[in-house]
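The values are calculated or read from the model by the stated rules, or taken from the named source; none is laboratory data. This structure is a prediction, so every number in the text was calculated from the model and none was measured. In this analysis, Cβ positions are derived from the backbone assuming ideal geometry, glycine residues included, and neighbour counts consider all displayed protein chains.
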Amino acid sequence: MSTRFFLVEAYATQRWEPFELTRPVGELLFGAHLLRERLEGWVSRTCTGYLGRPELEGFHEPGSPPVLANSAATEDPSRPRILLSSLLVPEGDSLTAELSEGEVREAGGPAIALTVNGEVAGWVLPPNVPLPLPLRELFPESPPSDVRAHPVPGRLLRRPWELVSENPARLATDLAGLASDEPPPGWRRFEATDPLPSGVERVGTHPLLMGPGVTLDPGVVLELSEGPVCLGEGVRVRSFTLLEGPSFVGSGSTLLGGLISRVSFGPVCRVRGEVADSVILGYSNKAHDGHLGHAYLGRWVNLGAMTTNSDLKNNYGLVRVGTPQGPEDSGLKKVGCFLGDHVKTAIGTLVGTGTSVGAGSNLFGSDTVSGWVPPFSWGGAPGGARYDGDRFLETARLVMGRRGVELTSGMEGVLARAWKEAVDGGDDRR
């Protein structure tokens, strides 16, 4: 009797824009793992599917579980179920270290609320135990009085900039764990005394992890004083790249030169220039010079040559981030930009501190882009035009095809619904 494991997305609160319109939050990268991958490892199970965001049904990326109708949570109640918030970042070894397998499978046993600092972050439902609350209300600030509460170590994420400000520390922990394990077949772990390829320089003593088919050109410098570096399968690091750890570069990516420090990339990204403390999801390009700092980029983003973002105010004050509800205090002095899936920038685009750009936007023009830019904006100016939906899908199909990736009918439906929600719904809040 296998256990079904669901991830429950927050309902459309717009607190995770510019990403939640086109992808489950669980498919965001944090450290060296997607949020969903981290939870799958913690429960030692593959996710059955996402619940809570029916407008994302049809979402597809390699390895991602399907987005299911919410009725899936109540189907086949004879099997045990685990439902976790996608925003849970667990600590410790595993859920099975917290709860015995018998507690999960005990027929008729009580519902168990998994709590983090007193707040409900998940549920374990033994066979024939109904959902204790409606799906929309499944994660209250405190558990109901008639259920068993079980504290677990970890935290609940609140806002997208936490994935940036806390990424270096998370990377250091993730990569230290990977370095301490036996490398998978075809992978190599280089310690401080192990020779590197000819012409590659190393500073510091943290380990280097390399997957099969990695190429390091002469003239590469690996700065390993502050943390490890992990290079996935087929990564190429071109000459005149200085890569500082802790950093994770996903499979098939290429680093084209420049100073790149404390980053999470990939898979299949092309990155060049000055890039620091940033996260870039798969199949995105920053292939030219320009500064990118304390930023988070979605999938299929392309930054034109010399696109540059600011991540520090001139007065060194706390940064307010653009959101659909208006500017929001981040409590941080260093915050760059947040670009949703399929955002494109023209050459020389300037992006202000704390800017958020909705999915599918095409940015160009002489003015600095700032604040909240609604999804599918055309130009990025306040109150500007919107990207024509058919032209956007045609471009997305072409861009993905160049990388050998098909825009599936399900994913096309997700993007078309996102366009309709953003444009027909008239969401011009800044």
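When segment 286-303 is examined, which residues are found to be without any contact (Cβ under 8 Å) to a residue 60 or more places away in the chain and either under 16 Å from Gly358 (Cα atoms) or in contact with a Phe, Trp or Tyr (Cβ under 9 Å, 6 or more places away or on another chain) (or both)? Scanning segment 286-303 gives Leu297, Val301, Leu303. Among the residues here, Ser225 qualifies as out of contact with any helix residue (DSSP H, G or I) (no Cβ under 8 Å at 6 or more places or on another chain), within 23 Å of Pro168 (Cα to Cα) and among the hydroxyl-bearing types (Ser, Thr, Tyr). Whether any residue in segment 63-72 is outside the structural domain of Lys420 (by TED's automatic domain parsing), more than 23 Å from Leu281 (Cβ to Cβ) and not hydrophobic (A, V, I, L, M, F, W, C) is what I want to check. For segment 63-72, residues outside the structural domain of Lys420 (by TED's automatic domain parsing), more than 23 Å from Leu281 (Cβ to Cβ) and not hydrophobic (A, V, I, L, M, F, W, C): present.
I need the full set of residues from segment 301-347 which are more than 30 Å from Trp419 (Cβ to Cβ) and touching a Ser or Thr at 6+ places or on another chain (Cβ under 8 Å), in order please. If the condition is that a residue be more than 30 Å from Trp419 (Cβ to Cβ) and touching a Ser or Thr at 6+ places or on another chain (Cβ under 8 Å), then Leu312, Lys313, Leu318, Leu332, Lys334 are the ones that fit. When residues in segment 178-230 are screened for being of a type in the set (Gly, Ala, Ser), surrounded by 13 or more Cβ atoms within 10 Å (Cβ to Cβ) and farther than 18 Å from Leu256 by Cα, 4 of them pass. Output the residue which, of all residues in segment 419-430 that are assigned to a helix (DSSP H, G or I) and in contact with a helix residue (DSSP H, G or I) (Cβ under 8 Å, 6 or more places away or on another chain), is modelled with the lowest pLDDT. So the residue we want is Val423.
Within segment 237-269, if we keep just the residues that are closer than 14 Å to Glu201 by Cα and among the charged types (D, E, K, R), the residue that is nearest to the chain's Cα centre (by Cα) turns out to be Glu244. Scoring Leu242 on the criteria (1) within 25 Å of Glu27 (Cβ to Cβ); (2) not in a loop (DSSP other than H, G, I, E, B) leaves a single failure, condition (1). Of all the criteria given as (1) among the β-branched types (Val, Ile, Thr); (2) crowded, with 22+ Cβ neighbours inside 10 Å; (3) farther than 26 Å from Arg417 by Cβ, the one not satisfied by Val8 is (3). Of the residues examined, Ser330 is not one that is small (Gly, Ala, Ser), in contact with a Cys (Cβ under 9 Å, 6 or more places away or on another chain) and crowded, with 17+ Cβ neighbours inside 10 Å.
When segment 117-145 is limited to residues that are outside any loop (DSSP other than H, G, I, E, B) and under 18 Å from Phe5 (Cβ atoms), the one that is modelled with the lowest pLDDT turns out to be Leu135.
Among the helices (runs of 4 or more DSSP H) confined to segment 1-105, the ones with at least 2 residues that are at pLDDT 95 or above are located at 35-43.
Looking at Ser64, is it touching a residue at least 12 places away in the same chain (Cβ under 8 Å), within 30 Å of Asp341 (Cβ to Cβ), of a type in the set (Ser, Thr, Tyr) and in contact with a strand residue (DSSP E or B) (Cβ under 7 Å, 6 or more places away or on another chain)? The answer is no for Ser64. The single condition from (1) among the aliphatic types (A, V, I, L, M); (2) without any contact (Cβ under 8 Å) to a residue 60 or more places away in the chain; (3) under 27 Å from Ala416 (Cβ atoms) that Leu39 fails is (3).
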